[in-house]
1. For Asp63, all conditions in the list (1) of a type in the set (D, E, K, R); (2) part of a helix (DSSP H, G or I); (3) surrounded by fewer than 10 Cβ atoms within 10 Å (Cβ to Cβ) hold save one; what is the number of the exception?
2. Within the range 1-27, restricting attention to residues that are of a type in the set (S, T, N, Q) and surrounded by 10 or more Cβ atoms within 10 Å (Cβ to Cβ), which residue is nearest to Met58 (Cα to Cα)?
3. Looking at the range 28-42 only, could you name the residues that are of a type outside the set (Gly, Ala, Ser), in a loop (DSSP other than H, G, I, E, B) and surrounded by 10 or more Cβ atoms within 10 Å (Cβ to Cβ)?
Amino acid sequence: MNEQIKEFTKKSVEQIAKELTSVQPMPNTLFSDLYKAGKSTKELKAEGYVPVSNLGLMWIKKDEE
């Protein structure tokens, strides 16, 4: 029984490692495509959003006061 648990644990760990390392490749144009599909800075500001950082990658909606 103890041997079966060891074998199961080993297979589980190996499966997790395979899942973590087998990812789909991203196309070279991924980030530019995302920017093109998203709203512009002007649109986001007009709707009440503010950037989380200077990078402008994430925006949050300001609470109405």
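1. Against the list (1) of a type in the set (D, E, K, R); (2) part of a helix (DSSP H, G or I); (3) surrounded by fewer than 10 Cβ atoms within 10 Å (Cβ to Cβ), Asp63 comes up short only on (2).
2. Within the range 1-27, the first condition is being of a type in the set (S, T, N, Q), and the residues that meet it are 2, 4, 9, 12, 15, 21-22, 24.
Keeping just the survivors that are surrounded by 10 or more Cβ atoms within 10 Å (Cβ to Cβ) gives 9, 12, 15.
Values: Thr9: 39, Ser12: 36, Gln15: 33 Å.
Ranking the qualifying residues of the range 1-27, first place goes to Gln15.
3. Kept after step one, since they are of a type outside the set (Gly, Ala, Ser), are these residues of the range 28-42: 28-31, 33-36, 39, 41-42.
With the extra rule that they be in a loop (DSSP other than H, G, I, E, B), the set shrinks to 28-29, 39.
Passing the criteria: only Lys39.
Rundown of residues vs (1) modelled with pLDDT of 90 or more; (2) under 24 Å from the mean Cα position of the chain (by Cα); (3) not β-branched (Val, Ile, Thr), yes/no style:
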position	(1), (2), (3)
Lys10	no, no, yes
Thr29	yes, yes, no
Leu34	no, yes, yes
Lys39	yes, yes, yes
Ala46	yes, no, yes
Val52	yes, yes, no
Met58	yes, yes, yes
Lys61	yes, yes, yes
Glu64	no, no, yes
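Rundown of residues vs (1) on the phi > 0 side of the Ramachandran plot; (2) not in a helix (DSSP H, G or I), yes/no style:
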{"site": "Glu7", "(1), (2)": "no, no"}
{"site": "Lys10", "(1), (2)": "no, no"}
{"site": "Glu14", "(1), (2)": "no, no"}
{"site": "Glu19", "(1), (2)": "no, no"}
{"site": "Val23", "(1), (2)": "no, yes"}
{"site": "Met26", "(1), (2)": "no, yes"}
{"site": "Leu44", "(1), (2)": "no, no"}
{"site": "Ser53", "(1), (2)": "no, yes"}
{"site": "Gly56", "(1), (2)": "yes, yes"}
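The values are calculated or read from the model by the stated rules, or taken from the named source; none is laboratory data. Source: prediction; values computed, not measured. All Cβ positions, even for glycine, are placed from backbone atoms using ideal geometry, and neighbour counts span all protein chains on display.
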